[in-house]
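Let me begin by presenting the structure, written as structure tokens, before commenting on it.
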Amino acid sequence: MIPPRLLAILYGVGLFAHASAVPVAEPEQQVLGTLNREEDQIESSRRLSGRFLHITDFHLDTHYKEGTSAERVCHRDTGTAGFLGAEGTDCDSPQALIDETFRWIERNLKGEIDFVLWTGDSARHDNDEKIPRTAGEIIELNKVLAAKFIDVFEDSSAARGLSIPVIPTIGNNDIMPHNIFREAPNRWTRRFTEVWSKFIPEAQRHTFEEGGWFSAELVPNKLAAISLNTMYFYESNSAVDGCAASSEPGFEHMEWLRVQLEILRERKMKAILIGHVPPARSGDKRSWDESCWQKYTLFMNRFRDVVVGSVYGHMNVDHFMLQDSRDVDIVAATEDSPSDPSFSVQSRSDYLSSLREDWAEMPSPPDDKASNFFSSDEWDMEALGKKERRFLEKIGGPFAERYSVSLVSPSVVPNYFPTLRVVEYNTTGLDGVKLWADTAYSEGSFESLDWDAVKRDSSEDVAEADEADDGEDVEEQGKKKKKKKNKDKKKKKKPNFKIPDHPSKSELPGPAYSNKPFTWLGLAQYYANLTEIYEKRASSKTQEGSHTVEDENTAAHVDLYHVEYDTRDDNLYSMRDLTVRSYFRLAKRIAKKDSSDESALASDPDSSDDEDEEAPNTKRSKKKMKRPRTNQVWRTFLDRAFVGFLGDDELDDIQI
């Protein structure tokens, strides 16, 4: 619970004056790939559209030059660098790609989305010794991107000057040296407070300057965004040391996050978490310090009634990760060796393969229930068989509450192809709610909360938790360990922070688990196939002769982004929504390696079911004639991870 003195402060500023109804009816939602542009834009801006944009890793490079060499990061020498970027290389984004991306957003998404989540790394990499980055350049590049968002979503009639909120976060290349972010306040939090003044609520700017994190309401009194400063969790940030010691900024950040989620729970609000570096933890890859990952996973489990979902960037590959609350052991958390933050195609594929191996180890539903086990929101446990009941108990019930999900979007910078994504969410019961654009900063009581005051009052309540509540009692966690008690074992050291309560058992799980307002229903992944664009441009030149510079600039105004896939009508992924249990089911289908799931497997098109003519009755001869069956869900997952950039031969080279 929130400490009494803190409650008094919060009631004093009116934080708990509002509550939201939570209907559970299934909505009728529009397919993401077919945005409705026929309605009057002014009218559509007066209500929630039920969509938001997630965009990440612009990596704008004003030194980029068309026709230069990718070996020289597209800065010099003769090469094939295209005018919209050099796909499949380490070159950063030219100004033309940024301009066309925002032109596309304005033409296709303006008036059709409710907010923007912008997850960092807007500045170019420091990868050219002849043109080293400067602190001033990093700030200027972020100013350019901020101005682009303001230009697209500026609205003088809105109370805050913008039609929708834009929520930014700091990336590991938005600072220098890259990856190194010292305890705040520092020069970066001060400068970004200025650069993002249109995006950070006025009363949150002091909080941001003090730590690089902030919170903001997206739908007043209903939904908030929490912008994490993942630099304090990042394993490669040698300036800090995780989240275990109370002297570390990561510890304070996690305390701030806990208090924010407590406040939102009291207000019956929901939250979306955003950050740059995702909590990757699979195989040899550890993006976060283990002590930070442990607390994050614990909080995601304990606040599963509040957190709608979380989105990240940084890794440039399209994928998701599941956090298992049974891996939480706060006291025993140890530091791992830092891993290489840079990824090649092969190291990324190794990482994805390790994810698949982890998913294979998750509990599996009974074979006869595999295809439709998660099709119901209600289960009569007494009517289920022993295997079914055991499976549900293992995953935390019919909503898979043992797990939480983090989504990672690929990047605008064309390491493969430029991308952005639009997520659709449930708006049932939200008709007529007050919109962000019509709410002045002073009206947002959540935004006017002074973190310093909260920190002072809550610090007295951060006492040692009971031994039984040290983060290991999530559902069935630790049952096996309890059976093997050692009488001589020393008493465990208790955690040095407050363990949050579980959500109420009297209500259905939160929007991340059951379909209700703000549940994510589907996403449309958009990509720009630069290879096709350049081929069409070359063909046009051949047919029409040479172009002037003005002609080429006009040719750049292409319909840049197209739907790569849309989960709402994707028969292969077959996701009814983006709840945790949908991702759990997808992960298990990706992990399949045998023939028990026919929907996930397909024979090689060149294989034959005919028996060998010389030995038609032997099993060995028939086996020789067949090639291994390929899990098409896994192969599609790989293909989409690399934004469709890799060819069949390259996908074949990845171990499947």
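We did not get these values from a lab; they are worked out from the coordinates using the rules stated. Keep in mind that this is a model prediction, so the values were computed, not measured. Cβ sites come from the backbone with ideal geometry, for glycine too, and all protein chains shown count toward neighbours.
Consider a paramagnetic label point 7 Å from the Cα of Arg76 along Cα→Cβ; state which residues of the range 123-164 have an amide N under 15 Å from it.
Of the residues in the range 123-164, 127-133 have backbone N under 15 Å from the label point off Arg76.
So who's got an amide H within less than 5 Å of the one on Ala280, skipping anything under 5 residues away but keeping other chains? H placed 1.01 Å off N, in plane.
When sequence neighbours closer than 5 places are left aside, the close amide H contacts are Ser287, Trp288.
Mind ordering 127-135, 508-516 by average Cβ neighbours within 10 Å, highest first? Walk me through the numbers before you get to the answer.
Working: 127-135: 12.7, 508-516: 23.0.
Those peptides, ordered most packed to least, come out 508-516, 127-135.
Report the calculated FRET efficiency for Val558 and Lys494 (r = Cβ-Cβ distance, R0 = 56 Å), to the nearest 0.05.
Numbers: r = 60 Å, r/R0 = 1.07.
E between Val558 and Lys494, to the nearest 0.05, is 0.40.
Would you order Phe214, Phe208 from fewest to most other beta-carbon atoms within 10 Å of each residue's own beta-carbon? Spell out each step's value before the answer.
Values: Phe214 30, Phe208 26.
So the ranking, lowest neighbour count to highest, is Phe208, Phe214.
What FRET efficiency do you get for Ser246 and Leu508 if R0 is 41 Å and r is their Cβ-Cβ distance, rounded to the nearest 0.05? Don't skip to the answer; put the middle values down first.
Numbers: r = 36 Å, r/R0 = 0.89.
The formula returns an efficiency of 0.65 here.
So who's got an amide H within less than 5 Å of the one on Val307, skipping anything under 5 residues away but keeping other chains? H placed 1.01 Å off N, in plane.
Under 5 Å from the amide H of Val307 lie the amide H atoms of Ala271, each far enough along the sequence or on another chain.
Amide H neighbours of Asp155 under 5 Å, at least 5 residues apart or on other chains, H built in the peptide plane: list them.
Leu162, Ser163
Calculate the length of the line joining the C-alpha centroid of the range 125-143 to that of the range 172-230, in whole Å.
Measuring centre to centre over Cα atoms gives 20 Å.
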